[in-house]
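Notes follow the structure.
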Amino acid sequence: MTKNRHSTPYRCAIYFSPHPDSPWGQAGSQWLGRCAATGQTLRMPVIEGVGAEVQAACTAEPRRYGWHATLKAPFVLLPGQDIASVLSWLQLLAGEFRAFDLPPLQVGMLGDFLALRPALVSQPLQDVAAACVTRLQHLALPLDESELSRRRRASLTPEQDQLLQQWGYPWVLQHFRFHFSLTGLLDAVTPAVRDALLVAALRQFGSLPACRFDRLSLFVEPEKGADFQLIEQVGLRA
């Protein structure tokens with residue numbers, strides 16, 4: 001799974017992603033139609049009432065990022081940093097946390113997109129996410145004005161804007177919302193399509209066992225606009 005450790009991709013991201021061969025890893029990658037570990041295109045589940053082209057369009061955005069839940073959002077590395085630098089810090093963090101089961105994951109709308117979210121707040125999850133955000137920030141290049149402007153289109157509160165400037169992303173720490181994205185924005189689709197996607201997601205994920213949070217995953221965007229790749233997973237071992 002590991003690529004060139006001393007390469008410098010366009011962006012890195014720290015995600016939670018189940019092992020690609022686990023039930024959650026397989027179900028998620030199949031839903032999106034791509035495995036981020038291998039780059040392989042996968043057959044997506046057939047959704048009654050939703051054509052293949054519409055289904056592909058609805059899932060295009062999360063497919064590019066790969067099956068994941070964000071811990072530290074994509075960031076550009078500072079000059080002099082590389083994949084090896086990030087992995088060294090991930091190893092340190094992984095040694096401080098122990099694995100745990102996520103609360104039951106529920107399918108539902110999060111804003112204008114479909115997502116899987118924990119039914120309950122999990123303090124261990126909040127703690128590891130906060131550590132990823134704050135302890136890895138020294139590796140990240142601060143956002144430039146164009147990126148700040150793009151992020152601010154989401155009508156952020158003053159507190160969220162401060163988080164954006166400090167940590168490169170507004171939905172962190174007290175605003176953190178752990179989720180697996182199942183679609184992109186659905187504001188342009190019909191209610192019937194939205195309902196069909198919801199039913200299909202319940203069928204795809206509803207009977208899976210508890211999801212074990214036992215690893216931190218390094219994803220990279222090799223070049224601007226390229227699909228994200230899963231580079232390495234580091235097991236929690238406290």
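The values are calculated or read from the model by the stated rules, or taken from the named source; none is laboratory data. This structure is a prediction, so every number in the text was calculated from the model and none was measured. So basically every Cβ, Gly included, is an ideal-geometry build from the backbone, and we count neighbours across all protein chains shown.
Data table
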| quantity | calculated |
| --- | --- |
| Residues being in contact (Cβ under 8 Å) with a residue 24 or more places away in the chain and more than 15 Å from CYS12 (Cβ to Cβ) - total across region 220-238 | 4 |
| Where LEU143 falls short, out of the listed (1) modelled with pLDDT of 95 or more; (2) assigned to a loop (DSSP other than H, G, I, E, B) | (1) |
| Scan of region 214-231 for residues that are crowded, with 20+ Cβ neighbours inside 10 Å and touching a Ser or Thr at 6+ places or on another chain (Cβ under 8 Å), ordered by number | SER217, PHE219, LEU230, ILE231 |
| Residues that are surrounded by 12 or more Cβ atoms within 10 Å (Cβ to Cβ), farther than 16 Å from LEU90 by Cα and of a type in the set (Ser, Thr, Tyr), drawn from region 111-156 | SER122 |
| Residue count, region 37-87 (criterion: within 22 Å of GLU232 (Cα to Cα) and touching a helix residue (DSSP H, G or I) at 6+ places or on another chain (Cβ under 7 Å)) | 11 |
| Region 190-213: number of residues that are surrounded by 19 or more Cβ atoms within 10 Å (Cβ to Cβ) and under 16 Å from SER29 (Cα atoms) | 6 |
| Residue within region 197-210 that is touching a Lys or Arg at 6+ places or on another chain (Cβ under 6 Å) and part of a helix (DSSP H, G or I) present | no |
| First in region 186-203 and closer than 16 Å to ALA115 by Cβ, second anywhere and part of a helix (DSSP H, G or I) and β-branched (Val, Ile, Thr), Cβ under 8 Å, 6 or more apart | LEU186/VAL193; VAL189/VAL54 |
| Test result for GLN174, surrounded by fewer than 16 Cβ atoms within 10 Å (Cβ to Cβ), part of a helix (DSSP H, G or I) and either free of Cβ contacts under 8 Å to residues at least 24 places away in the same chain or of a type outside the set (Val, Ile, Thr) (or both) | yes |
| Of all residues in region 85-109 being of a type in the set (Gly, Ala, Ser) and in a helix (DSSP H, G or I), the one that is surrounded by the fewest Cβ atoms within 10 Å (Cβ to Cβ) | SER88 |
| Conditions (1) in a strand (DSSP E or B); (2) closer than 20 Å to PRO170 by Cα; number of the one not met by GLN126 | (1) |
